[in-house]
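Before any comments, here is the structure.
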Amino acid sequence: MKKLSFAICACLLIVSAHAQWSPAGDRLKTEWTEKVDPQNVWPEYPRPLIERSLWLNLNGLWEYAVAPRGTAEPSGFEGKILVPFAIESSLSGVMKEVGEANELWYKREFTVPSNWKGKNVVLNFGAVDWKADVFVNDIMIGSHKGGYTPFSFDITPFLAGKSKHKLVVRVWDPTSRGYQPRGKQVNRPEGIWYTAVTGIWQTVWLEPVPDNHITAIKTISSIESGSLNVTVETSQGCRTNDIVEVKVTDKGRVVATAKGLAGSELRLGVENPTLWDTQNPYLYDMNVSVTSSGKVVDEVKSYTAFRKISTKRDANGIMRMQLNNKDLFHFGPLDQGWWPDGLYTAPTDEALLYDIKKTKEWGFNMIRKHVKVEPARWYYHCDREGILVWQDMPSGDLGNQWVSSEYNGGTDKKRTQESVDNFYREWKEIMDLCMSNPSVVVWVPFNEGWGQFNTEKAAEYTKTYDPSRLVNPASGGNHRPCGDMLDLHNYPRPSMYLFDPQRVNVLGEYGGIGLALENHLWWDKRNWGYVQFKNENEVTAEYVTYAKELQDLVKRGFSGAVYTQTTDVEGEVNGLMTYDRKKVKIIEAEVRKANQSVINELNK
């Protein structure tokens, strides 16, 4: 009877959770909408590069309230919201605007598992847009500004004397009213600008750790020397009685080890390492531990790879990008990472992986992640699938002049010091997030002059902070003679109207072939593409025509290209797939063949 009673109670809890939540609104949904379980939302461990075996997922139904900015915690909350989906999204179950005049409040309770006794408890957030203030048991424990990067707090001191704990998060996001990086979000979406995203939009979780625990791992490889430079940071820094150890394994066999103090760069040698590339994305497992007085006190799983991204002149004197010292044409779609049901957040991890797999199936070898940053698992999937990533800095503080067709044209924005400081702080956190992902090969600080400022300084800062990758200083922006490449934008056809003999030349955006498919549209009448066609045959024919023109431009000097775009996004219907991912709008075999011809042109 007891077992039966427990089963009945469990079923009632599940039914109750579903009764409190359902997708809001009647707009477009993906097939993964129906797979979202409010009792088990995004159950995958969210940080594959620093993975612990014990953790507690705090995703699920929280209480929420929207209140005027500057007021105290509401005495009553309005209802339930499904974390980690932004409040403006359908999957949040709310689908409500917040705006700069208001703050969004979240509240829930949690219980620390009994087997965590004697451990510190760390509260982790994948990302919260934009300013988050965190309270535990009515004590404000910290704040974070930045809509795209993870942050954590050791909440141990605030848990004493209680079994159930209250967690409250207060969020303020001015969206397009502020200077902060925000990408394509605006308060009034239209054209190329999309719905605002406010609040928690990535996984929230707890994990037990010792006093001195691993907080960051940075790995940079050298294929020439077969060495791997690893820097491990810990919560209490360099303590002489605590030793960090790194083990690299290949199919379970230890191939390299090193020990040292936290914060010091450890060098590990791997004999004849297997290189990571787009055809063979080979990953090595890595175990990182902290030992105190001969006892392992903290241990995490990670992974790494050997690969090199660089530039070199070819036999014709043209600067080319190289992967592992071999010329490689980078070709991929502009990927904005938006979802009709979850906005910034994919409905499930399966959905997140789907776009990457389709990109590979279409014959591309690269993705430009456009003015958005993804959860850590997205980069993990790119590492595993073997696709190169150009990572944009989300744009913000717009308003300066953009002149796309003139070399040294346009004006850099004169930002306030607060805006400048915030840019560099958030950009550093973004680079830190992706620093150890082998798939990420290019940093893009600016796009099309949107908020572009001090271009030379920003490019130099980026290259100095991470000399192991290439820097695309301004994709289609106000061009300055700095960084590793000159990036042109031209719609709809490929065009090379400028050429820099000293740097790599790429076509950072082109295409935009539009096809509006009924029953797969965000808007009824406000849809657009740079050119419009009536069916997949016409779209494919035009795509192949552009690919042949691009192939000719590869011979003349282009070393990379980005096609707009992976999917439709809200009013834009120029995706290779519809916004709901239910229809592919091209003849896939023909597009794959055309893409492979473009990529292979460089190696004829």
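Per-structure values
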{"quantity": "Contacts under 8 angstrom Cβ, first residue in segment 278-293 being part of a strand (DSSP E or B), partner of a type in the set (Gly, Ala, Ser) and surrounded by 16 or more Cβ atoms within 10 Å (Cβ to Cβ), 6 or more apart", "calculated": "284/305; 285/302; 286/302; 287/302; 288/302; 290/262"}
{"quantity": "Top-ranked residue of segment 73-99 - restricted to ones that are among the acidic types (Asp, Glu) and in contact with a strand residue (DSSP E or B) (Cβ under 8 Å, 6 or more places away or on another chain), ranked as nearest to residue 297 (Cα to Cα)", "calculated": "73"}
{"quantity": "Segments classed as strands (runs of 3 or more DSSP E), wholly inside segment 142-222, with at least 2 members that are in contact (Cβ under 8 Å) with a residue 40 or more places away in the chain and aromatic (Phe, Trp, Tyr)", "calculated": "none"}
{"quantity": "Number of the exception - residue 443 against (1) in contact with a helix residue (DSSP H, G or I) (Cβ under 6 Å, 6 or more places away or on another chain); (2) crowded, with 21+ Cβ neighbours inside 10 Å; (3) free of Cβ contacts under 8 Å to residues at least 60 places away in the same chain; (4) part of a loop (DSSP other than H, G, I, E, B)", "calculated": "(4)"}
{"quantity": "Residue among 390, 378, 362 that alone is aromatic (Phe, Trp, Tyr), buried (at least 18 other Cβ atoms within 10 Å of the Cβ), touching a Phe, Trp or Tyr at 6+ places or on another chain (Cβ under 9 Å) and touching a residue at least 24 places away in the same chain (Cβ under 8 Å)", "calculated": "390"}
{"quantity": "From 316, 325, residue being at negative phi and surrounded by fewer than 20 Cβ atoms within 10 Å (Cβ to Cβ)", "calculated": "316"}
{"quantity": "Residue list for segment 477-513, filter: assigned to a loop (DSSP other than H, G, I, E, B), touching a Gly at 6+ places or on another chain (Cβ under 8 Å), open to solvent by less than 40 Å² (accessible area, probe 1.4 Å) and at pLDDT 95 or above", "calculated": "492, 496, 503, 512"}
{"quantity": "Options 346, 305, 351, 315; residue that is without any contact (Cβ under 8 Å) to a residue 60 or more places away in the chain and aliphatic (A, V, I, L, M)", "calculated": "315"}
{"quantity": "Any pair with Cβ under 9 angstrom, 6 or more apart, that starts in segment 568-579 at a residue that is closer than 13 Å to residue 535 by Cα and ends at one that is among the aromatic types (Phe, Trp, Tyr) and part of a loop (DSSP other than H, G, I, E, B)", "calculated": "573/522; 573/579; 574/530; 576/362"}
{"quantity": "Unique match (being of a type in the set (Gly, Ala, Ser), at pLDDT 95 or above and in a helix (DSSP H, G or I)) among 516, 541", "calculated": "541"}
{"quantity": "Selection within segment 321-355 - charged (D, E, K, R) and closer than 28 Å to residue 307 by Cα", "calculated": "326, 327, 335, 349, 350, 355"}
{"quantity": "Subset of segment 269-301 [within 23 Å of residue 364 (Cβ to Cβ) and either at pLDDT below 95 or open to solvent by 30 Å² or more (accessible area, probe 1.4 Å) (or both)]", "calculated": "275, 277, 279, 280, 281, 282, 283"}
{"quantity": "The listed residue being open to solvent by less than 10 Å² (accessible area, probe 1.4 Å), within 30 Å of residue 447 (Cα to Cα) and out of contact with any His (no Cβ under 7 Å at 6 or more places or on another chain), out of 201, 193, 172", "calculated": "201"}
{"quantity": "Criterion: within 29 Å of the chain's Cα centre (by Cα), among the aliphatic types (A, V, I, L, M), surrounded by 19 or more Cβ atoms within 10 Å (Cβ to Cβ) and modelled with pLDDT of 95 or more - qualifying residue of 98, 112", "calculated": "98"}
{"quantity": "Strands (runs of 3 or more DSSP E) contained in segment 297-403 and holding at least 1 residues under 11 Å from the mean Cα position of the chain (by Cα)", "calculated": "330-335, 366-369, 388-392"}
{"quantity": "Test: residue in segment 236-243 that is buried (at least 19 other Cβ atoms within 10 Å of the Cβ) and charged (D, E, K, R)", "calculated": "yes"}
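The values are calculated or read from the model by the stated rules, or taken from the named source; none is laboratory data. The structure presented is a predicted model; accordingly, all values stated were derived computationally and were not measured. Cβ coordinates were reconstructed from backbone atoms using ideal geometry, including for glycine residues, and neighbour counts include every protein chain displayed. The protein model used for the area step is the full one, side chains on, heavy atoms only, and it has no ligands, DNA or RNA in it. Shrake-Rupley method; radii C 1.70, N 1.55, O 1.52, S 1.80 Å.
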